[in-house]
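Contents: one structure, followed by commentary.
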Amino acid sequence: MKITETHLKGCYVIEPTIHEDERGSFFESFNQKEFEETLGQKIQFVQDNHSISRKGVLRGLHFQKGKYAQSKLVRVTHGAALDVVVDLRKGSTTFGNYFKIKLSDQNNKIVFMPKGMAHGFLSLCNDTHFVYKCDAYYNKEAEGGILYNDPDLGIDWELPLEEIILSPKDMELRSFKDFTK
């Protein structure tokens with residue numbers, strides 16, 4: 001397993017070792033001991049989520065606030081998605097910066113993001129299965145979000161805006177400037 005830190009401190013890309021033969025393939029998608037040794041901290045995941053989306057569906061940019069903030073471990077088990085993480089930690093040197101990566105059932109890459117990050121993903125094909133572990137339970141009163149096309153963030157979603165499908169809730173998210181007030 002190869003674990004590489006991104007330019008956002010504490011945010012990692014995990015590339016599992018894939019074993020293939022004439023029967024198919026096998027890989028370890030998570031190893032608690034190796035994960036904690038790399039991070040230098042204990043993480044206890046308490047909730048698994050599974051989202052299925054058609055091509056063009058964008059979910060995000062979401063986060064949980066305060067004591068309900070969540071670290072997440074995300075991957076695609078079927079299909080492909082453009083995954084985006086935004087640093088919302090006000091004391092961070094990369095505050096307001098983002099990291100993006102294509103996750104798919106072909107590359108099997110996994111992303112870990114610590115608490116204090118906004119997260120979103122865009123489904124790149126029909127029937128994309130996006131799964132993630134969280135280290136805190138979801139709390140409706142603690143949810144927050146930033147508009148996916150905020151000009152201050154300048155995220156290139158690599159799909160024409162007219163092809164992006166949003167929930168009504170995600171259309172109403174606030175700007176990054178409003179978040180920083």
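The values are calculated or read from the model by the stated rules, or taken from the named source; none is laboratory data. Here the structure is a predicted model, which is why all the values come from computation and not from measurement. All Cβ positions, even for glycine, are placed from backbone atoms using ideal geometry, and neighbour counts span all protein chains on display.
Looking at 84, 13, 46, just one residue is over 22 Å from residue 164 (Cβ atoms) and touching a Lys or Arg at 6+ places or on another chain (Cβ under 7 Å), and that residue is 13.
The number of residues in the range 35-71 being touching a residue at least 24 places away in the same chain (Cβ under 8 Å), closer than 22 Å to residue 3 by Cα and either in contact with a helix residue (DSSP H, G or I) (Cβ under 6 Å, 6 or more places away or on another chain) or part of a strand (DSSP E or B) (or both) comes to 1. Take the conditions (1) touching a residue at least 24 places away in the same chain (Cβ under 8 Å); (2) basic (Lys, Arg); (3) surrounded by fewer than 16 Cβ atoms within 10 Å (Cβ to Cβ); residue 140 misses just one of them, which is (1).
Picking from residues in the range 86-121 that are within 21 Å of residue 152 (Cα to Cα) and among the charged types (D, E, K, R), the one that is surrounded by the fewest Cβ atoms within 10 Å (Cβ to Cβ) is 90. The condition (being acidic (Asp, Glu) and part of a strand (DSSP E or B)) is satisfied by just one residue among 170, 83, 178: 83. Annotation: of all residues in the range 95-106 being outside any strand (DSSP E or B) and touching a residue at least 60 places away in the same chain (Cβ under 8 Å), the one that is nearest to residue 78 (Cα to Cα) is 97.
Of all positions in the range 145-167, at least one carries a residue that is within 30 Å of residue 42 (Cα to Cα) and at pLDDT 95 or above.
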